[in-house]
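Q: I'd like to ask you about the structure that follows.
The values are calculated or read from the model by the stated rules, or taken from the named source; none is laboratory data. Treat the numbers as computed from the prediction; the structure is a model and nothing was measured. Every residue, glycine among them, receives a Cβ derived from its backbone with ideal geometry; neighbour counts consider all protein chains shown.
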Amino acid sequence: MILTEKKPLEEILSFMQQDENIFLLACGGCPESAEIGGEAAVLEMKEGLEKAGKTITGYLIVDFLCNKVLATMRIIRHKEKIAQADAILVLSCGIGVQAVSSIMKKMVYPALNTISMGGFQGLWPGQERCEQCGECILNLTGGICPITFCSKTLLNGPCGGAKDGKCEIDKEKDCGWHLIYERLKKVGRLDKLKEFKKARNFKKMEPNSEVRKKRFFDIEQ
Ligand code: SF4
Ligand code: SF4
């Protein structure tokens, strides 16, 4: 099962400063099993955001957001409420956030950090992958993971070696940062590229890191 932890509300509010109207989308799969997803978590998030002055245009829980076909069929029925939103906040693992971002024409943000997958990479055999870095930064990249889409796992822009949109390491592969640029351009948020991403804290990826131990412990109780 994929393990996730909630991002602090302050962090979520800091990257949604420009977005007043928010639609909440949650995965009813792994996060719900780990008791940080599902309706209770969505309603808690809704309350927190409303207290901070945001308007929630609606919310939806989809079993396995990583399944793009299923997610699209469910999301399309809520298109009016989604149309009213400036952005979509997703309570799921990194793959779910990336899958949603790939089918939406709006800014998509992660509400959780993915901390472990136990080798499991979502139900949908799409190209999205997550390295379980423990500090999800999809909010800065239009929902495309720079750690898995860039061959050099660069966090602050391209290496400069891409040619015709292809990676200099693997010419069969699209440059991850080219994809990020195009996605942010599509949703009108190229300003996100100006934000500096700190070096990763690799301790969060250690199997025995405090955050992983805590989540496993929670589940075992
Ligand atoms: S930034 Fe990438 S590796 Fe890290 S949690 Fe998000 S999707 Fe996973
Ligand atoms: S060409 Fe693009 S994907 Fe390849 S290493 Fe450079 S920035 Fe990363």
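Q: Please identify the pairs in which a residue from the range 170-197 that is closer than 16 Å to Gln18 by Cβ has its Cβ atom under 8 Å from the Cβ atom of a residue that is more than 16 Å from ligand 1 (Cβ to nearest atom) and in a helix (DSSP H, G or I), counting only partners at least 6 apart or on another chain.
A: Taking only residues 6 or more apart or on different chains, the pairs are Leu184/Leu190; Leu190/Tyr181; Leu193/Tyr181.
Q: Which ones in the range 3-23 are in a loop (DSSP other than H, G, I, E, B) and either closer than 22 Å to Glu131 by Cα or touching a strand residue (DSSP E or B) at 6+ places or on another chain (Cβ under 9 Å) (or both)? Talk me through it step by step, then tell me what you get.
A: Of all residues in the range 3-23, those in a loop (DSSP other than H, G, I, E, B) come to 7-8, 16-20.
Lys7, Pro8, Met16, Gln18, Asp19, Glu20, listed by residue number.
Q: If a residue must be under 14 Å from Leu179 (Cα atoms) and within 16 Å of ligand 2 (Cβ to nearest atom), how many such residues does the range 129-152 contain?
A: The qualifying residues number 11.
Q: Taking the options Val90, Val100, Val108, name whichever one is part of a helix (DSSP H, G or I) and under 30 Å from Phe202 (Cα atoms).
A: Working: Val90 fails: part of a helix (DSSP H, G or I); Val108 fails: part of a helix (DSSP H, G or I).
Sole residue among the options that is part of a helix (DSSP H, G or I) and under 30 Å from Phe202 (Cα atoms): Val100.
Q: Is it the case that Thr55 is farther than 24 Å from Lys185 by Cα and crowded, with 24+ Cβ neighbours inside 10 Å?
A: Values: farther than 24 Å from Lys185 by Cα: yes; crowded, with 24+ Cβ neighbours inside 10 Å: no.
So Thr55 does not fit the description; no.
Q: Which members of the range 102-118 meet the condition of being over 16 Å from Ile76 (Cβ atoms) and not hydrophobic (A, V, I, L, M, F, W, C)?
A: Matches in the range 102-118: Tyr109, Pro110, Asn113, Thr114, Ser116, Gly118.
Q: Take the residues in the range 143-163 that are in a loop (DSSP other than H, G, I, E, B) and within 12 Å of ligand 1 (Cβ to nearest atom), then tell me which one is nearest to Arg200 (Cα to Cα). It would help to see each step written out before you state the result.
A: To start, the set of residues in the range 143-163 that are in a loop (DSSP other than H, G, I, E, B) comprises 143-145, 150-162.
Subsequent filtering for residues that are within 12 Å of ligand 1 (Cβ to nearest atom) retains 143-145, 150, 153, 155.
Values: Gly143: 18, Ile144: 17, Cys145: 13, Cys150: 15, Thr153: 10, Leu155: 9 Å.
If we take residues in the range 143-163 being in a loop (DSSP other than H, G, I, E, B) and within 12 Å of ligand 1 (Cβ to nearest atom), then Leu155 is nearest to Arg200 (Cα to Cα).
Q: Only one of Gln121, Gln127 is modelled with pLDDT under 90, closer than 26 Å to Arg74 by Cβ, loosely packed, with under 15 Cβ neighbours inside 10 Å and under 15 Å from the mean Cα position of the chain (by Cα); which? Please lay out each step first, then the result.
A: Working: Gln121 fails: loosely packed, with under 15 Cβ neighbours inside 10 Å.
One residue alone meets the criteria, Gln127.
Q: Follow-up question, since we're still on this one. Which residues, counting only those in the range 164-188, are in contact with a strand residue (DSSP E or B) (Cβ under 7 Å, 6 or more places away or on another chain) and either of a type in the set (Val, Ile, Thr) or within 16 Å of ligand 1 (Cβ to nearest atom) (or both)?
A: Matches in the range 164-188: Val187 only.
Q: Looking only at residues that are among the hydrophobic types (A, V, I, L, M, F, W, C) and either more than 18 Å from Phe196 (Cβ to Cβ) or touching a Pro at 6+ places or on another chain (Cβ under 6 Å) (or both) in the range 160-183, which one is farthest from ligand 2 (Cβ to nearest atom)? Even if it seems obvious, please write down each step before you answer.
A: We begin by selecting, within the range 160-183, every residue among the hydrophobic types (A, V, I, L, M, F, W, C); these are 162, 167, 169, 175, 177, 179-180.
Going one step further and asking which of them are either more than 18 Å from Phe196 (Cβ to Cβ) or touching a Pro at 6+ places or on another chain (Cβ under 6 Å) (or both), we end up with 162, 167, 169, 175, 177, 179.
Values: Ala162: 4, Cys167: 3, Ile169: 5, Cys175: 3, Trp177: 4, Leu179: 9 Å.
Looking at the filtered set, the residue picked out is Leu179.
Q: Before we move on, is Gly157 of a type outside the set (D, E, K, R), within 16 Å of ligand 2 (Cβ to nearest atom), crowded, with 23+ Cβ neighbours inside 10 Å and at positive phi? Spell out the reasoning first.
A: Values: of a type outside the set (D, E, K, R): yes; within 16 Å of ligand 2 (Cβ to nearest atom): yes; crowded, with 23+ Cβ neighbours inside 10 Å: no; at positive phi: yes.
When the stated conditions are applied, Gly157 does not pass them.
Q: Residues to consider are Lys46, Lys6; find the one that is crowded, with 16+ Cβ neighbours inside 10 Å and modelled with pLDDT under 95. It would help to see each step written out before you state the result.
A: Details: Lys46 fails: modelled with pLDDT under 95.
Residue meeting the stated conditions: Lys6.
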